[in-house]
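Q: Below is the structure I would like to discuss, written out as C-alpha cells.
Rule-based calculations on the coordinates, nothing more; no lab input. These numbers come from a predicted model, not from an experiment. Don't worry about glycine lacking a Cβ; one is built from the backbone with ideal geometry, like all the others, and counts go over all protein chains shown.
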Amino acid sequence: MKESNYGLLLKQIDSIVDQKVGFYPNLGNILALIKEGLSLFWVGTYIVKENYLVLGPFQGPPACTLIPKGKGVCGQSWEKEIPFLVPDVHSFEGHIACNPNSKSEIVIPLRDKDKKVFMVLDIDSDKLNGLGQKELDFFKEVSLLIEKIYRKSH
Ligand code: SME
C-alpha cells in the first residue's frame, strides 16, 4: 500500500458520503474507493446475523458467505470485540482461507450506537506482511467513518 495515499484517501472517503441516501450505497462506494486507491486483494464486510457473520458488500474475488462466531480472524474479532492485524495468515490458528492468494489481513469490529458489534471490516493483502500498524491505524479511521454513517440510519 502507498502510505502517502492514506490522508488523501480519508478526505476522498469523507467527501464521497452522500447524506441523501442510507448506509449501503455509501458503504459500497467507500469500499470501491479503498480497493481502487490501494493495491489490496480484497476489501469487504461481514454482517452480524444471529450466531453467524454473513458476507456483506465487498470488492474483490468471491469469498466465504458464512462465518460462525469465534471462527477465523473475522469470527474471533467479532467474539472478542477487538481488531486483528495478521501479517501472515498462516501463523493465525483457525484462519479461514477463502482464497489462497490472501497472505495478510486486518479485521476490525464495527459498533452501533449501543456499542454492539454489527459488522466487521475485513481487508486482505496478497503480500506477506502487506499490512502493518500504519494500515491498521488507517482502517481504524475508516471504521469510525463507517460507524458514523451507520448510526445515522440505525
Ligand atoms: N480470512 C478470513 C475469512 C474471510 S476472507 O478473508 C474474505 C478469516 O479467517 O476470518
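Q: Among the numbered criteria (1) outside any helix (DSSP H, G or I); (2) basic (Lys, Arg); (3) under 15 Å from Leu27 (Cα atoms), which single criterion is violated by Arg151?
A: Result: Arg151 fails condition (1) only.
Q: With respect to Asp112, is the statement that it is more than 10 Å from the ligand (Cβ to nearest atom) and either of a type in the set (Lys, Arg) or closer than 25 Å to Lys152 by Cβ (or both) true?
A: Yes; evaluated as a whole, the condition is true for this residue.
Q: Further, regarding this structure: Residues that are more than 9 Å from the ligand (Cβ to nearest atom) and buried (at least 18 other Cβ atoms within 10 Å of the Cβ): find the strands (runs of 3 or more DSSP E) completely inside the stretch 1-104 holding 2 or more of those.
A: Here the list reads 42-49, 52-59.
Q: Does Glu105 count as free of Cβ contacts under 8 Å to residues at least 12 places away in the same chain and more than 19 Å from Leu27 (Cα to Cα)?
A: Judged against the criteria, Glu105 is not a match.
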